[in-house]
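What follows is a short report on a single structure.
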Amino acid sequence: MFIDSVVWIGAKLKKDQWHDKSVPIINKFLNKEINTVYVTDYIVLESLNFLLRKAGFEVALETLNLFKIHERIKIINIDTKLFERTCEIFTEYQGLSITDASIIAAMEKVGVKTLCSFDRGFDKIKWVKLFKGLMR
């Protein structure tokens, strides 16, 4: 399963609109109810930059350390080939952010179809299964 930045951010920020839905998802991961989680390096960057601005350095650093050291979080780096596919997806599905397009490209690469996100833009991608209990 991929987990989008909106979930990581929502779990950390109590005033975030997605906080109440994000915390149980991250807790399921931390409690091993969700085994392996994938993120792209773009998700890491987006999450950390947002948390740095909204919650400060300590919260961003704590989140960075979770991404870096957790053995069940797999970070997919967007290399040249994956970036090319990301650009194709970005162009094809107008309205997706470049980060969202990178998620789809990485999901294709690793063969994962389940995504945890509150972003309705992913509804355009018919093969993506949004994690049960979310907005779909």
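Details
- Loop trypsin sites (Lys or Arg not before Pro), the range 1-92, which have at most 13 other Cβ atoms in a 10 Å radius of their Cβ (DSSP): Lys14, Lys15, Lys32, Arg72
- When the Gaussian network model of the chain links Cα atoms closer than 10 Å, the mean-square fluctuations of Leu66, Leu48, Leu82 top out at Leu66.
- Percent RCO, i.e. relative contact order, over the chain, from Cα pairs under 8 Å lying at least 6 residues apart: 27 percent
- One equal scatterer on each Cα of the range 1-60, no solvent, Debye formula: the resulting log10 I(q)/I(0) at q = 0.16, 0.20, 0.28 Å⁻¹ is -0.47, -0.74, -1.21.
- Percent of C-alpha pairs per 5 Å bin, the chain, short to long: 2, 10, 21, 25, 22, 14, 6, 1
- Counting only alpha carbon atoms, the long axis of helix 57-69 and the longest principal axis of the chain meet at about 60°.
- Helix 41-55 vs. the chain, principal-axis angle (Cα, 0 to 90°, nearest 10): 40 degrees
- Exposure ranking of Ser97, Ser47 by accessible area [1.4 Å probe, largest first]: Ser97, Ser47
- Remark: the chain carries a charge dipole of roughly 460 debye about the Cα centre, counting +1 on each Lys and Arg Cβ and -1 on each Asp and Glu Cβ.
- The chain, accessible area per residue, ligands and nucleic acids excluded (1.4 Å, Å²): 55 Å²
- The local environment of Val112, defined by Cβ-Cβ distances under 12 Å, has a net charge of +3 under the rule Lys, Arg +1 and Asp, Glu -1.
- Among Thr99, Leu66, Leu52 - extreme Cα towards positive end, dipole of the chain, charges at beta-carbon: Leu66
- The helix-based estimate of mean residue ellipticity at 222 nm for the chain, built from -39,500 (n - 2.57) per DSSP H run of four or more residues and divided by its residue count, is -17000 deg cm²/dmol to the nearest 500.
- The range 1-82 - percent of accessible surface contributed by carbon and sulfur, probe 1.4 Å: 53 percent
- Seen from Leu13, the other residues with C-beta closer than 15 Å to its C-beta sum to a net charge of 0, counting Lys and Arg as +1 and Asp and Glu as -1.
- Net charge of neighbours whose Cβ lies under 14 Å from the Cβ of Ser47, counting Lys and Arg as +1 and Asp and Glu as -1: -3
The values are calculated or read from the model by the stated rules, or taken from the named source; none is laboratory data. Keep in mind it's a predicted model, so treat the numbers as computed, not measured. Glycine gets a Cβ as well: all are built from the backbone with ideal geometry, and neighbour counts include every protein chain shown. The protein model used for the area step is the full one, side chains on, heavy atoms only, and it has no ligands, DNA or RNA in it. Shrake-Rupley method; radii C 1.70, N 1.55, O 1.52, S 1.80 Å.
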